[in-house]
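Following: one structure in structure tokens, then a few remarks.
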Amino acid sequence: MTDIKDDFLIAARSAANLLREPAVAAAWSRPSALPEFSVGGLAGHLAYQVLAVQEALAEPVPKEQTITLLEHYGQVRWVGAAIDDEANVRIRDGGEELAAEGPAALAARVDSTIEDLTDGLVSAADRPVRIPLWGPWSLTLDDLLITRVMELAVHSDDLAVSVDIATPALPQGAVDTVIDLLSRLAVRRHGPTAVLRALSRAERAPDTIAAF
């Protein structure tokens, strides 16, 4: 397997462990750290990052054009969209729909999916794949996994903060993958000088270099 496949599976198992935390189940119906997301809905969205990979691999090779990661983030509707934009509402509704299974059932579904993917990714070629909600394009499997590792890392932090527990630590390879992607997106959004200053010169640092 490629390194990104290993990193994805490690990040997925970490997220699965977080979903089984008693604090998550206890706060399931409460507001999360993300606006308009319940803890359960956020947990559902976190789980979707694993479930979506299995769904993408189950589909035939897409006919849509395969694009790069930066092109992908230049086209997804949720980047820069208002909280009540259709794309963000759809994301929240999807998380809440998965949360309706309840914490135990959702965690078990993620565990089962990871077990299947552990075998399935071994032989999976780096072929084009897509998630229908994106739009009319596809990514290579490895690039899809990079996007999911980033989502798993970011939303694991969101969920942990929401229930006041420590954010799960990820292996250095996964951290490097996430930081590399977010850095490239930050440069695209704010320009290289802003990111350079934020990382090296506190006295000249901009207010934010957030990737999204």
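The values are calculated or read from the model by the stated rules, or taken from the named source; none is laboratory data. Remember, it's a predicted structure, so these values are computed and weren't measured experimentally. Counting neighbours? That spans all protein chains shown, and the Cβs are built from the backbone with ideal geometry, glycine included.
Residues in the stretch 147-202 that are of a type in the set (Ser, Thr, Tyr) and part of a helix (DSSP H, G or I): THR147, SER156, SER162, THR177, SER183, THR193, SER200.
For VAL110, the criteria (1) β-branched (Val, Ile, Thr); (2) in contact with a helix residue (DSSP H, G or I) (Cβ under 6 Å, 6 or more places away or on another chain); (3) free of Cβ contacts under 8 Å to residues at least 12 places away in the same chain hold in every case but one, which is (3).
Within the set SER32, SER14, the sole residue that is surrounded by 20 or more Cβ atoms within 10 Å (Cβ to Cβ), among the polar types (S, T, N, Q) and within 13 Å of ASP157 (Cα to Cα) turns out to be SER32. Kindly check whether there is at least one residue in the stretch 114-130 that is at pLDDT 95 or above, closer than 14 Å to LEU141 by Cα and hydrophobic (A, V, I, L, M, F, W, C). So far as the stretch 114-130 goes, yes, one or more of its residues are at pLDDT 95 or above, closer than 14 Å to LEU141 by Cα and hydrophobic (A, V, I, L, M, F, W, C). Can you confirm whether ALA211 is among the aliphatic types (A, V, I, L, M), over 19 Å from ALA15 (Cα atoms) and surrounded by 15 or more Cβ atoms within 10 Å (Cβ to Cβ)? Taking the combined requirement at face value, the residue satisfies it. Going through (1) more than 23 Å from LEU69 (Cβ to Cβ); (2) among the charged types (D, E, K, R); (3) at pLDDT below 95 one by one, ASP85 falls short only on (1). Looking at the stretch 57-83 only, could you name the residues that are part of a helix (DSSP H, G or I), touching a strand residue (DSSP E or B) at 6+ places or on another chain (Cβ under 9 Å) and farther than 18 Å from LEU181 by Cβ? Hit for the stretch 57-83 is LEU57, nothing else.
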